[in-house]
Amino acid sequence: MKRYKTVLLFGAPGAGKGTQGKVLSQIPGFFHLSCGDVFRSLDIRSKDGKEVAAYSSRGELVPDEVTIRIWRNALEGQIAINRFCPDEDVLVLDGLPRNVHQAEMTQAYLDVFQVIHLVCRNEAAMIDRLKRRAIHENRADDANESVIRRRYEVYNKESAPVLGFYPPEIIAQIESLHSPAEVCRDILNCLIPVVKKHFPKDE
Ligand code: AMP
């Protein structure tokens, strides 16, 4: 099976993965898919929608098998309608893999050649960001301080170890508290040469 050439946007809740993913998705050759957005687009009355909401409203991870099935369906849907063209586009993932088991499960079809780690050393500033976002984006999981705290615990315990799954030489550390434009510049400085290497084009 052919593996999709993939860049992971990785970092704690509020680090700016979604913001940067959306910016990158405006550039031809980059296709962004956020697992959280896929989940939020589910019909809340459906079986999957109910199951996902039961976990995300508490700040817990949705079980791996359910996550990977829903996310793969969404990805294949994007390929079917030609939004994502794996031979031409870099797949930019945000919010997945969220634990080491998901990294193992997706290894067979994701060729992760770069991880962008949006580093956050100031948890209070991140929590502030999340609270502001909750108001703008109507996100129940970020409106409640105890759910935010739980999201951080889950990140530190379950998600952070994903960084140990990939070779250190493909992980770039990028400061996430700078302005969105500066973060975007730093990401592109890292990505432009590596993407060129993985998608050689006749000039
Ligand atoms: P996000 O928008 O990435 O912060 O995700 C919102 C919520 O969706 C998370 O708090 C989890 O409950 C759930 N979620 C998103 N991605 C995953 C994943 N890869 N595995 C399990 N749960 C996830």
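The values are calculated or read from the model by the stated rules, or taken from the named source; none is laboratory data. Since the structure is predicted, the reported quantities are computational estimates derived from the model, not experimental observations. Note: ideal-geometry Cβ built from the backbone for every residue, glycine included; neighbour counts use all protein chains shown. Accessible surface areas use protein heavy atoms only, side chains included; no ligands, DNA or RNA. Shrake-Rupley method; radii C 1.70, N 1.55, O 1.52, S 1.80 Å.
Of all residue pairs spaced 6 or more apart or on separate chains, those with beta-carbon atoms under 6 Å, a first member in region 83-97 that is in contact (Cβ under 8 Å) with a residue 40 or more places away in the chain and a second member that is outside any strand (DSSP E or B) and among the β-branched types (Val, Ile, Thr) are Val90/Val195; Pro97/Thr106; Pro97/Val162.
Screening Ala54 against (1) among the aliphatic types (A, V, I, L, M); (2) crowded, with 16+ Cβ neighbours inside 10 Å; (3) within 16 Å of the ligand (Cβ to nearest atom) leaves a single unmet condition, (2). Scanning region 19-35 for residues that are open to solvent by 20 Å² or more (accessible area, probe 1.4 Å) and of a type in the set (Gly, Ala, Ser), we see that the one that is farthest from the ligand (Cβ to nearest atom) is Gly29. For region 60-88, residues that are of a type outside the set (Phe, Trp, Tyr), open to solvent by less than 20 Å² (accessible area, probe 1.4 Å) and either more than 9 Å from the ligand (Cβ to nearest atom) or modelled with pLDDT under 95 (or both) total 2.
Counting only helices (runs of 4 or more DSSP H) that sit wholly inside region 1-66, those with at least 3 residues that are under 27 Å from Gln114 (Cβ atoms) and touching a strand residue (DSSP E or B) at 6+ places or on another chain (Cβ under 6 Å) are 17-25. Restricting attention to region 138-152, the residues that are in a helix (DSSP H, G or I) and either hydrophobic (A, V, I, L, M, F, W, C) or loosely packed, with under 12 Cβ neighbours inside 10 Å (or both) add up to 5.
Here is a yes/no grid of residues against (1) within 24 Å of His198 (Cβ to Cβ); (2) in contact with a strand residue (DSSP E or B) (Cβ under 7 Å, 6 or more places away or on another chain); (3) of a type outside the set (A, V, I, L, M, F, W, C); (4) near the ligand (Cβ under 10 Å from one of its atoms):
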residue	(1), (2), (3), (4)
Leu110	yes, yes, no, no
Asn122	no, no, yes, no
Arg132	no, no, yes, no
Ile135	no, no, no, no
Glu145	no, no, yes, no
Glu158	no, no, yes, yes
